[in-house]
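The values are calculated or read from the model by the stated rules, or taken from the named source; none is laboratory data. Keep in mind the model is a prediction, meaning the values are calculated, not measured. FYI the Cβ positions are ideal-geometry reconstructions off the backbone, even for glycines, and counts take in every protein chain you see.
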């Protein structure tokens, strides 16, 4: 079951959902709009290796915007820091962003209960498009959880994305054993 605007507000008031900065105007009927943060990143090497720690370079989006190019993976970040303690957050792109040919995630749209951080975005585009820091980029949708949680994400010692940062985070696949 998806949380309605009233249920999202109740969860914010109780501390079960944290959104910083919070703007009441960003609350939709059953979602909360998030914005593109000022940092993007690219991988240094043209060939990525799932068993290696692939390094990234961060750069700030200038005031005049930045042109995304097709065929390039950009890591972005939400302006908003979020915490979700008793619901499952899903991040989806806004339809207006999709209509510009921008995808904000390749596969990682679901967060875990207990995720506490800015969201790293896996941005790609179908044609060149200029983006700006602070532009609406996606929307968070919250699903109810049935049953008790045994291990919240922020309490897991092996969680790969717990370090709080307002910059995009590269893949930590290399930490897996395979």
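Tabulated data for the structure shown
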{"quantity": "Flag for residue 86 being under 19 Å from residue 165 (Cα atoms), touching a strand residue (DSSP E or B) at 6+ places or on another chain (Cβ under 9 Å) and crowded, with 16+ Cβ neighbours inside 10 Å", "calculated": "no"}
{"quantity": "Scope the range 37-67; condition under 16 Å from residue 133 (Cα atoms) and either in a strand (DSSP E or B) or touching a helix residue (DSSP H, G or I) at 6+ places or on another chain (Cβ under 8 Å) (or both); matching residues", "calculated": "39, 40, 41, 58, 59, 60, 66, 67"}
{"quantity": "Residue 50 vs. criteria surrounded by 14 or more Cβ atoms within 10 Å (Cβ to Cβ), within 18 Å of residue 73 (Cβ to Cβ) and at pLDDT 95 or above", "calculated": "no"}
{"quantity": "Any hit, the range 116-129, residues being surrounded by 13 or more Cβ atoms within 10 Å (Cβ to Cβ) and in contact with a helix residue (DSSP H, G or I) (Cβ under 9 Å, 6 or more places away or on another chain)", "calculated": "yes"}
{"quantity": "Residue within the range 61-69 that is free of Cβ contacts under 8 Å to residues at least 60 places away in the same chain and in contact with a strand residue (DSSP E or B) (Cβ under 7 Å, 6 or more places away or on another chain) present", "calculated": "no"}
{"quantity": "The range 133-152, subset touching a strand residue (DSSP E or B) at 6+ places or on another chain (Cβ under 8 Å) and modelled with pLDDT under 95, residue farthest from residue 29 (Cα to Cα)", "calculated": "145"}
{"quantity": "Test result for residue 178, surrounded by fewer than 17 Cβ atoms within 10 Å (Cβ to Cβ), in a strand (DSSP E or B) and either on the phi < 0 side of the Ramachandran plot or in contact with a strand residue (DSSP E or B) (Cβ under 6 Å, 6 or more places away or on another chain) (or both)", "calculated": "no"}
{"quantity": "Some residue of the range 155-174 being surrounded by fewer than 10 Cβ atoms within 10 Å (Cβ to Cβ), more than 23 Å from residue 123 (Cα to Cα) and modelled with pLDDT of 90 or more", "calculated": "no"}
{"quantity": "Flag if residue 43 is surrounded by 13 or more Cβ atoms within 10 Å (Cβ to Cβ), touching a residue at least 40 places away in the same chain (Cβ under 8 Å) and under 18 Å from residue 168 (Cβ atoms)", "calculated": "yes"}
{"quantity": "Residue check for residue 105: in contact with a strand residue (DSSP E or B) (Cβ under 9 Å, 6 or more places away or on another chain), under 19 Å from residue 38 (Cα atoms), without any contact (Cβ under 8 Å) to a residue 40 or more places away in the chain and surrounded by 15 or more Cβ atoms within 10 Å (Cβ to Cβ)", "calculated": "yes"}
{"quantity": "Condition met for residue 73 (modelled with pLDDT of 95 or more, surrounded by fewer than 16 Cβ atoms within 10 Å (Cβ to Cβ), under 16 Å from the mean Cα position of the chain (by Cα) and closer than 19 Å to residue 43 by Cα)", "calculated": "yes"}
{"quantity": "Top-ranked residue in the range 1-36 [being touching a helix residue (DSSP H, G or I) at 6+ places or on another chain (Cβ under 6 Å) and crowded, with 17+ Cβ neighbours inside 10 Å; ranked as farthest from residue 84 (Cα to Cα)]", "calculated": "27"}
